[in-house]
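K.L.:
First the structure, which I've put down as structure tokens, then a few questions once you've had a look.
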Amino acid sequence: MAELYELTAADLAAKIASREVSAREVTEAFLARITVAEPSVHAFLTVTPELARAQADAIDTRLAAGESLGPLAGVPVALKDNLCTAGIETTCASQILRGFVPPYSATVAEKLQDSGVVLLGKTNLDEFAMGSSTENSGFFTTGNPWNPDRVPGGSSGGSAAAVAAGEAPLSLGSDTGGSIRQPAAFCGLVGIKPTYGRVSRYGLVAFASSLDQIGPFAHTVEDAALLLTAISGHDERDSTSVPRPVPDYVQALTGHVEGLRIGIPAEYFAEGISPEVRAAVMSAVGVLRGLGAVVDEVSLPYTDYALAAYYIVAPAEASSNLARYDGVRYGMRTARSSNHIELFERTREEGFGAEVKQRILTGTYALSHGYYDAFYLKAQKVRTLLQRDFAAAFERFDLLVTPTTPTTAFGIGEKSNDPLAMKLSDICTIPANMAGIPALSQCCGFDTDGLPVGMQLMGPAFSEETLLRAAHAYEAATDWHMRRPNL
């Protein structure tokens, strides 16, 4: 018989609703699992056992009173530590925010609280979400549950590792250039970057405001659909939030893909993609074809310029967003200053890590007088060309299938001294952020080292239902999602 921490969120919710088990029992099972797994995984920056128990007890009390609660009531969840949580430390894995306790919660955190979920804690990340491995955390590196000597991906590595290790059935991450999908691929999970504007960014500590999106991690497509439904919707506090009705994404999981038009972009299978990754993804495409999908090749020629454009746009926005950390208003303040200029400089010098400093400098340079047109403006023009590429492709296809990452999870420290190699790990995921379209990663196999391979599905804006339907059909025809790491 499976342990409670091995069950899906949907199964747990059903057991809690029927009162087969209590929300408190489920919560205790995951808190115990965290105690067992954390010494090797290091997924959490903050665990909130007292809050979790209180929330679970409240759900049990309401169920005992005969209340009908939402589909995730009593299910535990973990949040990436760049999502503000009132009364709970929010650090963005940066020394500059050590000890910062927000006075308010992010909209997604409020929505989850209203849904009756149980908050287990806050997870590790690359500092201010800048990185692809979680090695840039200002506190410690998270290990991949499939092999703790490998990275879990980044920047949402802690959120992915927590779910993969059975420390939480669900978690939230943020995705600026692949920070949900890449860790999902490395950890063998379902990860979704929604359409820009589908999920409110209010209370998400900003990295690059025109690119950031919040999304779910889960073991199964159904669980991801449940969580995405819970967090989606218009929010007047976020000016980029789109006033569009939210479908019940679980209803999209029909299992049918007959006639679905799937494009295979040649640029995503070019040099640099591991042969094992390529083979696993193409095998998955074969499964979808066997289920009735219509598959053909397509070209997205401006994909080759996406990485370069991203590393102008994202640092430029980071340069602006991170100017607020000055040692005056909140967060860390240096003890070594004799005037306000020294206060600013030394606070930022002591509080920010090397990767964050490098991106701030890059962005400031790109925005500086004499270089704005040459770099930032040109990058935005490339962004428009990328969007046109996708628009043309989606006239012919309902969705596109690519590898999520060029390789499976690499070793801790393997790419630390090679910034280009590190950035190339996001080469397949960045275009979706630049275009603002939804994208999903799911496990489609394992390599010879026993590490998960991720397949990425991309669709036009607000086509999450189509992506989930295709992903669910593939999941139902395979068993990759049922495998668990042996910690």
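K.L.:
For residue 378, which aspartates and glutamates qualify as cross-link partners when the Cα separation must be under 16 Å and same-chain residues fewer than eight apart are set aside?
P.N.:
Cross-link targets: 304, 317.
K.L.:
Also, quick follow-up: Work out from phi, with θ = phi - 60° and the Karplus expression 6.51 cos²θ - 1.76 cosθ + 1.60, the ³J(HN,Hα) of each residue of region 273-280, listed in order in whole Hz, and give x for Gly and Pro.
P.N.:
8, 4, x, 5, 5, 4, 5, 5
K.L.:
Starting with the fewest neighbours, write out 72, 119 ranked by other beta-carbon atoms found within 10 Å of each beta-carbon.
P.N.:
In increasing order of surrounding Cβ atoms, one gets 119, 72.
K.L.:
Right, another one. Order 252-263, 104-115, 59-70 from most to least packed using the mean count of other Cβ atoms within 10 Å.
P.N.:
104-115, 252-263, 59-70
K.L.:
For region 202-259, take N as its residue count and report Rg(C-alpha) divided by 2.2 N^0.38 Å.
P.N.:
This ratio for region 202-259 stands at 1.35.
K.L.:
Counting pairs of alpha carbon atoms under 8 Å apart in space and at least six apart in sequence, what relative contact order in percent does region 381-487 give?
P.N.:
It rounds to 30 percent for region 381-487.
K.L.:
³J(HN,Hα) across region 345-351 via Karplus (A = 6.51, B = -1.76, C = 1.60, θ = phi - 60°), whole Hz, x for Gly/Pro?
P.N.:
Karplus values, whole Hz, x for Gly and Pro: 4, 6, 4, 6, 5, 7, x.
K.L.:
Could you sort the peptides 42-50, 158-166 by per-residue average Cβ neighbour count (10 Å cutoff), highest mean leading?
P.N.:
Listed from highest to lowest mean packing, they are 158-166, 42-50.
K.L.:
Per residue and in Å³, how big is the convex hull formed by the alpha-carbon atoms of region 257-334?
P.N.:
Roughly 187 Å³ of hull volume per residue.
K.L.:
Please give the peptides 475-483, 406-414, 23-31, 368-376 ranked by average Cβ packing (other Cβ atoms within 10 Å per residue), highest first, as a rough proxy for protection.
P.N.:
Peptide ranking by packing, descending: 23-31, 406-414, 475-483, 368-376.
K.L.:
From the residues 52, 76, 392, which one has its Cα farthest along the dipole of the chain in the positive direction, the dipole being from +1 and -1 charges on Cβ of Lys/Arg and Asp/Glu about the Cα centre?
P.N.:
Checked the options; the winner is 392.
K.L.:
For the chain, restrict the atom set to alpha-carbon positions and state the Rg and Dmax in Å.
P.N.:
When restricted to Cα atoms, the chain yields Rg and Dmax of 21.3, 71 Å.
K.L.:
Computed over the Cα atoms, what is the radius of gyration of region 119-253 divided by 2.2 N^0.38 Å, N being its residue count?
P.N.:
Here the answer is 1.00, to two decimals.
K.L.:
Next up: Rounded if a/c is under 1.5, else prolate if a/b beats b/c, else oblate: with a ≥ b ≥ c from the C-alpha gyration tensor eigenvalues square-rooted, which is region 420-461?
P.N.:
oblate
K.L.:
Oh, and also: Per the Cauchy relation, a quarter of the hull surface: what is the mean projected area of the convex hull of the alpha carbons in region 349-487, in nm²?
P.N.:
Directional mean of the projected Cα hull area for region 349-487 stands at 12.1 nm².
K.L.:
Would you order 200, 174 from fewest to most other beta-carbon atoms within 10 Å of each residue's own beta-carbon?
P.N.:
200, 174
K.L.:
Grab the DSSP H runs of the chain that are 4 residues or longer, score each as -39,500 (n - 2.57), total them, divide by all residues and round the 222 nm result to the nearest 500 deg cm²/dmol.
P.N.:
-11500 deg cm²/dmol
K.L.:
As a footprinting exposure proxy, order 175, 304, 57 by other Cβ within 10 Å, with the fewest listed first.
P.N.:
304, 57, 175
K.L.:
OK, next. If you split all Cα-Cα distances of region 8-132 into 10 Å bins from zero, what percentages do you get per bin, shortest first?
P.N.:
Distribution as computed: 13, 41, 33, 11, 1 percent.
K.L.:
If I histogram all Cα-Cα distances within region 314-369 using bins 10 Å wide from 0, what percent of pairs lands in each bin?
P.N.:
The distribution over region 314-369 is 26, 50, 23, 1, given as percents.
K.L.:
Whole-Hz ³J(HN,Hα) for each residue in region 64-78, computed from phi via Karplus 6.51 cos²θ - 1.76 cosθ + 1.60 with θ = phi - 60°, x for glycine and proline: what do you get?
P.N.:
So the J values, rounded to whole Hz, are 5, 7, x, 5, 9, 10, x, x, 10, 4, x, 7, x, 8, 10.
Each reported figure results from applying straightforward, stated rules to the coordinates on display, with no laboratory input. Predicted, not measured: the structure shown is a model, and the values here were computed from it. Because the Cβ atoms are built from the backbone with ideal geometry, glycine has one as well, and the counts that use them run over all protein chains shown.
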